[in-house]
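The structure is given below, and queries will be raised subsequently.
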Amino acid sequence: MNNGSSAPSEQLKIVIVGHVDHGKSTFVGRLFNDTGSLPEGKLEQLQKIAERRGVPFEWANLMDGLQAERDQNITIDTAQIWFQTPKRQYVIIDAPGHKEFLKNMITGAANAEAALLLIDASEGVQEQSRRHGYLLNLLGIRQIAVLVNKMDLAGYSQERFDSIEKEYRAFLQSLGVTPKIFIPIAAKHGDNIASLSNNMPWWNGPTVLATLDQFNVTDLPLNQPLRFPIQDVYRFDERRILAGRIESGSIKVGDKLIFAPTNKSSTVKSIERWSAPKSDFASAGESIGVTLTEQIFVERGAIAALEAEPPYELTRFKARLFWLGREPFRKGRSYKLKLATQEVDCEIDDIQKIIDASTLDTVQREGKELRVGRHEVAELTLKTKRPVAFDAHSEIVATGRFVIVDGFEVSGGGIIAADNYPRRSSDSAHKSENIYWSHGKVTSAQRALRNGHSGCVIWLTGLSGSGKSTISTELERELFNLGKHVYVLDGDNMRHGLCSDLGFSPEDRKENIRRVGEVAKLMADAGNIVITAFISPYRSDRELVRKITPAGQFVEVFVNAPLEICEQRDTKGLYAKARANQIKEFTGISAPYESPENPEVELRTDKMTVAESVARVIEFLDVRDSDSMISI
């Protein structure tokens, strides 16, 4: 390559896209040649090979030859500086044009700053052309030049060029995209690529290379909030080095970091670089490692941010998604979502709109099945199994885009839409020492006198399918009929609201029970009989709730049924999915359940009816009445 010492230092990443037959390889081959960027002797070598074979030389063959050498790490510059002009160097991010390879375009075009989009003058605007335009818009690429290629096959007709420009410009404008320019070219002959063509005297605009030099290099997002996704953790001696690439913002020694979505925090002790001078500062675009003053547990997938500017940390977000998979993207199925270095199971929560990417028509799906078909775009809400750290794409690009993996294939990708997401406050990691419990002027005894009973927490625990929810609702009805102030806190209901941001890891289960326990305690303090129906598999979590509840007001009810009985009752098919490894961390199958050691009440629901179980609990409460601790 012609990369001498005088090579310009400025660099621009571009993506070149087009229908499989619209001449992309020919264009790129010609571009290399006309900028003097070919390895020395390469053109002559391929011309001689074509002559020996008795076939005409094709510029597309040049690209095939270069690709083969790149695959073998021969000749091609390791920095992938493929061609240059006197102004700057250009890196081509490959994005094959055939619809089968659109998935490569999602990851390839994601880092591009500008795009060249080819359309065959003889074939005109194709479905693939429109899909490429939609996808470039979805990825946020705004610097676009449309090259109308093979003008020689259209007789260099200005009328034909104007017709294609009018049609495709109108399509792009309907997306909200204004292309920088349309240029008529004939890549095979070099027309309007590096120099203006004598075959099109009617064209007074710039060449392709002049247009490229007019594109702007995107500034690194230095002034945005820090986003430092952790790629890996290395251990040297006593040190743990958190390694990754800074996607936005900057970091310095002494900064207090918060690691989303776990919200652990520590201070930067040092910034480590490989084969580079030591510095106490790093910024966007740099790959670094950091050590912390406090050795907290952080793993791949965490995103480091400054305490004052954290990302969102939720299990639901709105997105615009382009689907490429052979099988539709269906509601009710689990997929893998990859965002920065995070990987998490996800599924469709709701689909608001489906669009045909080539016609922009809204797709009317017959039947009740919610799905996104191949080459369709959807505006939807995704939900993840555990919290994900993210930003809206309009705020921070790198943490606002994602891909969806179906099985082992990248099958879709998209961007996170802006919405009124709740964000953790900057001081949420700091606990005040000036918070005191507020005592009202109405005592618990006065509430009990007014209600005719004192408040308490009746905590039902047991495996899924043991009968907790059924018993809790029947118990609520019986106590209500007895004139009691009673309410059920159901596990599924709580996860629709207060605990909607939690998954099912041991840490999230613990937090789920802690929150429910705090709510139950407050409701009991208000004089209510609170019935909870939660698997709550860990003894320590249940014991925590017992400790925060006033003495004598916590009743642990073990809803005990053998695992095989629970599976027989499983109308939702959850156990079958868990045994097929479709549901991870499922209690009783792939996650443990710790039975109560000394519950106040045990209900053997494999031997007792619902009515008998309810009567057993009420009987226990009546016995306790004599102690005046739970007076019902």
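Given the pairs LYS24/LYS166; LYS13/LYS188; LYS264/LYS521; LYS484/LYS577; LYS13/LYS336; LYS150/LYS353, which span a C-alpha to C-alpha distance of over 32 angstrom in this model?
Listed pairs above 32 Å: LYS484/LYS577; LYS150/LYS353.
Ranked by Cβ crowding within 10 angstrom, fewest neighbours first, how are VAL557, VAL388, VAL125 ordered?
VAL125, VAL557, VAL388
Could I ask something else about it? Share of antiparallel DSSP beta bridges in the chain, in percent to the nearest 5?
Given both bridge residues lie in the chain, the antiparallel proportion sits at roughly 65 percent.
Another question, if that's okay. Scan around VAL486 for amide H atoms under 5 Å from its own, H built in the peptide plane at 1.01 Å from N, and keep only partners 5 or more places away or cross-chain.
ILE529
What value, in deg cm²/dmol to 500, does the helix sum -39500 (n - 2.57) over DSSP H runs of n ≥ 4 give at 222 nm once divided by the residues of the chain?
That calculation yields -8000 deg cm²/dmol at 222 nm.
If you don't mind, there's one more thing I want to ask. Using only Cα atoms, tell me the angle between helix 539-548 and the longest principal axis of the chain; keep it within 0 to 90° and round to the nearest 10.
60 degrees
Over segment 228-306, what is the relative contact order in whole percent, taking alpha-carbon pairs under 8 Å and six or more residues apart?
Averaging sequence separation for qualifying contacts and normalising by length gives 40 percent for segment 228-306.
Count neighbours as other Cβ atoms within 10 Å of each site's Cβ, and list the chymotrypsin sites (Phe, Trp or Tyr not before Pro) in segment 458-495 that are DSSP loop with at most 12 such neighbours.
none
Only counting other Cβ atoms within 10 Å, I'd like MET494, MET151 sorted with the fewest neighbours first.
MET494, MET151
Taking the structure as given and computing log10 I(q)/I(0) by the Debye sum over Cα atoms at q = 0.09 Å⁻¹, which label from (1) -0.71; (2) -0.88; (3) -0.96 fits?
Entry (2).
Shifting gears a bit: At most 14 other Cβ atoms within 10 Å and a DSSP loop assignment: could you name the chymotrypsin sites (Phe, Trp or Tyr not before Pro) in segment 206-285 that fit?
When the chymotrypsin sites (Phe, Trp or Tyr not before Pro) of segment 206-285 are filtered for loop state and at most 14 Cβ neighbours within 10 Å, TRP274 remain.
Additional query: Scan the chain and report its longest stretch carrying no trypsin sites (Lys or Arg not before Pro) that are both in a DSSP loop and have at most 11 other Cβ atoms within 10 Å.
After excluding every exposed loop site, the longest remaining stretch is 1-277.
Bear in mind that the values in this text are calculations on the coordinates, not laboratory data. Bear in mind the structure is a predicted one, so any value in this text is a computation, not a measurement. All Cβ positions, glycine included, derive from the backbone under ideal geometry; neighbour counts span all protein chains shown.
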